[in-house]
Amino acid sequence: MRRLLDCSLKGGQSPAAVLDPLRNQRQVLSMTLDIEFVRAQFPAFAEPSLQGQAFFENAGGSYTCAPVIARLTRFYHQRKVQPYGHYKASRLAGEEMDEARTRLAAVMGVDTDEVSFGPSTTQNSYVLAQAFRQWLQPGEAIVVTNQDHEANTGPWRRLAEDGIEIREWLIDPATGHLDPADLETLLDEKVRLVCFPQCSNVVGEINPVVEITAMAHAAGAFVCVDGVSYAPHGIPDVGMLGPDIYLFSSYKTYGPHQGVMVIRRALGDQLPNQGHYFNAGVLYKRFTPAGPDHAQVAACAGMVDYIDLLADHHGVSGSPAERGAGVHDLMRGHEVALLQPVLDFLSARNDLRLLGPAQAKGRAPTVAVDLGRPAMPVAEALATQGIMAGAGDFYAVRALQAMGVDPQQGVLRLSFVHYTSPDEIAQLLKALERVL
């Protein structure tokens with residue numbers, strides 16, 4: 001049997017000692033991100049069926065903000081026709097879809113036609129891999145990692161069937177860290193593409209995208225970044241980061257179930273068209289062979305509405321990219337302050353293994369824990385305490401295996417975002433105390 005909390009904390013720490021820093025942070029947090037204003041933008045927090053439950057599986061999909069819900073409802077009520085026609089409902093439908101692309105592109109610091117929508121990030125990655133399959137020559141190489149979600153590693157690995165060399169950029173098995181110095185040894189004139197995550201959905205460490213991208217570009221390679229696990233913590237300025245491909249999922253960034261894909265023109269114009277032949281001249285249609293859900297594309301503009309609401313409320317001004325960056329910093333500041341007590345609590349225990357960094361500043365609040373036993377029963381027990389958490393391999397089987405974790409047993413994953421409150425963190429720690 002697992003020992004009681006007060007017996008299993010390293011150094012004799014008590015639960016109260018771990019919780020105290022969190023209590024002291026409440027006043028600081030109120031001076032930065034206005035958490036009450038934030039939570040008022042999410043109908044889930046007023047939903048009676050969810051009262052008393054704290055949501056800690058945000059890495060699997062976030063709550064949806066009110067502006068997205070409003071746009072989706074309006075589209076289904078008023079615009080659910082074939083878009084881009086001459087009649088009013090059709091014209092407005094097309095305009096709303098274009099608005100989503102235009103405004104998201106502005107926040108991400110890229111051109112409007114460099115943003116594509118697809119049914120999911122996994123599907124978008126697969127389509128891109130087929131384009132590269134046609135474009136690359138046998139003997140050329142792609143670098144992949146074992147830190148990724150399978151969506152940004154599996155499709156690329158399959159290109160080995162056509163003679164493409166797959167080079168492995170491996171994580172440190174003890175820490176899960178992805179060392180840029182190890183990438184440098186893999187780069188030469190044969191490498192055409194480097195694929196890696198901005199942060200892993202089980203390791204959580206934030207990788208230095210700018211540094212890695214610069215290394216790959218200097219070697220003549222393009223870069224594909226999986227931003228699915230990072231974008232929920234602030235949609236980044238992709239133009240500033242520099243990758244040629246950036247992928248994320250809007251259902252994890254408070255929106256509908258879509259995959260959002262940035263493909264910079266310098267690469268997109270070179271890759272073979274994967275869409276209808278008559279759409280070959282339109283960049284955002286080249287890599288979406290199936291038409292995306294019109295209503296959900298239009299509703300993605302609501303994600304930018306939400307960013308604008310936060311920016312206006314907190315006095316963040318400037319260009320769309322600058323406002324997005326300011327909101328990103330507000331989100332991250334709040335998350336870092338709430339995350340450290342969770343990491344301290346878990347690090348102090350000697351009956352589990354925290355995956356990834358123990359310092360909040362360098363990681364996302366996606367926290368995976370190896371319990372040395374099946375994780376699902378613990379997640380089920382947490383549910384009885386009002387904690388909605390996840391357990392499993394989270395499609396990161398390669399990463400878990402590399403770190404010596406049995407994917408069949410899985411990990412307990414506790415993930416949150418900027419709308420999580422200090423009280424919910426306290427509820428989580430008390431529930432962990434009881435369950436572990």
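Checking each residue in the stretch 335-348 for being over 17 Å from the mean Cα position of the chain (by Cα) and part of a helix (DSSP H, G or I) picks out A337, L338, Q340, P341, V342, L343, D344, F345, L346, S347. Within the stretch 230-268, the set of residues being β-branched (V, I, T) and within 15 Å of the chain's Cα centre (by Cα) comprises I235, V238, I245, T253, V260, V262. Keeping to the stretch 243-253, report how many residues are in contact with a helix residue (DSSP H, G or I) (Cβ under 6 Å, 6 or more places away or on another chain) and open to solvent by less than 10 Å² (accessible area, probe 1.4 Å). Here the count works out to 6. In the set (1) without any contact (Cβ under 8 Å) to a residue 40 or more places away in the chain; (2) in contact with a strand residue (DSSP E or B) (Cβ under 8 Å, 6 or more places away or on another chain), the condition left unmet by P407 is number (2). The number of residues in the stretch 162-195 being under 12 Å from T145 (Cβ atoms) and aliphatic (A, V, I, L, M) comes to 7.
When the stretch 264-299 is filtered for residues that are hydroxyl-bearing (S, T, Y) and either in contact (Cβ under 8 Å) with a residue 12 or more places away in the chain or crowded, with 19+ Cβ neighbours inside 10 Å (or both), the ones remaining, listed by number, are Y284, T288. Picking from residues in the stretch 69-85 that are charged (D, E, K, R) and outside any loop (DSSP other than H, G, I, E, B), the one that is most open to solvent (accessible area, probe 1.4 Å) is R74.
All conditions but one from (1) in contact with an Asp or Glu (Cβ under 7 Å, 6 or more places away or on another chain); (2) part of a helix (DSSP H, G or I) apply to V262; the one that does not is (2). Counting only residues that are buried (at least 18 other Cβ atoms within 10 Å of the Cβ) and either farther than 22 Å from G154 by Cβ or small (G, A, S) (or both), how many does the stretch 386-401 have? Count: 7. Based on this model, can you work out whether A151 counts as touching a Ser or Thr at 6+ places or on another chain (Cβ under 8 Å), among the aliphatic types (A, V, I, L, M) and touching a residue at least 60 places away in the same chain (Cβ under 8 Å)? When the stated conditions are applied, A151 passes them. When A106, A59 are checked against the criterion of being touching a Phe, Trp or Tyr at 6+ places or on another chain (Cβ under 8 Å) and of a type in the set (A, V, I, L, M), a single residue qualifies: A59. The set of residues from the stretch 368-385 being open to solvent by 20 Å² or more (accessible area, probe 1.4 Å) and either outside the structural domain of N350 (by the TED database) or within 19 Å of L343 (Cα to Cα) (or both) comprises D370, G372.
Going through the stretch 300-320 one residue at a time, which ones are touching a residue at least 24 places away in the same chain (Cβ under 8 Å), within 23 Å of the chain's Cα centre (by Cα) and either open to solvent by 20 Å² or more (accessible area, probe 1.4 Å) or at positive phi (or both)?
D305, L309, P320
Of all residues in the stretch 86-99, those satisfying the criterion of being over 27 Å from the mean Cα position of the chain (by Cα) and surrounded by 13 or more Cβ atoms within 10 Å (Cβ to Cβ) are A89, S90, R91, L92, A93, G94, E95. Only one entry in M261, M240 is surrounded by fewer than 16 Cβ atoms within 10 Å (Cβ to Cβ), closer than 30 Å to Q41 by Cα and modelled with pLDDT of 95 or more, namely M240. Checked against the criterion of being in contact with a Phe, Trp or Tyr (Cβ under 6 Å, 6 or more places away or on another chain), part of a loop (DSSP other than H, G, I, E, B) and under 21 Å from Y419 (Cα atoms), the stretch 42-51 has at least one qualifying residue. One residue stands out in the stretch 203-259 among those that are of a type in the set (S, T, Y) and part of a strand (DSSP E or B): the one that is farthest from L187 (Cα to Cα), namely S249. Filtered by the rule that a residue be closer than 30 Å to R413 by Cα and among the charged types (D, E, K, R), the stretch 52-93 gives a lone residue, E57.
The values are calculated or read from the model by the stated rules, or taken from the named source; none is laboratory data. A quick note: this is a predicted structure, and the numbers were derived from the prediction, not measured. Glycine gets a Cβ as well: all are built from the backbone with ideal geometry, and neighbour counts include every protein chain shown. All accessible areas refer to the heavy atoms of the entire protein, side chains included, with ligands and DNA or RNA removed. Shrake-Rupley method; radii C 1.70, N 1.55, O 1.52, S 1.80 Å.
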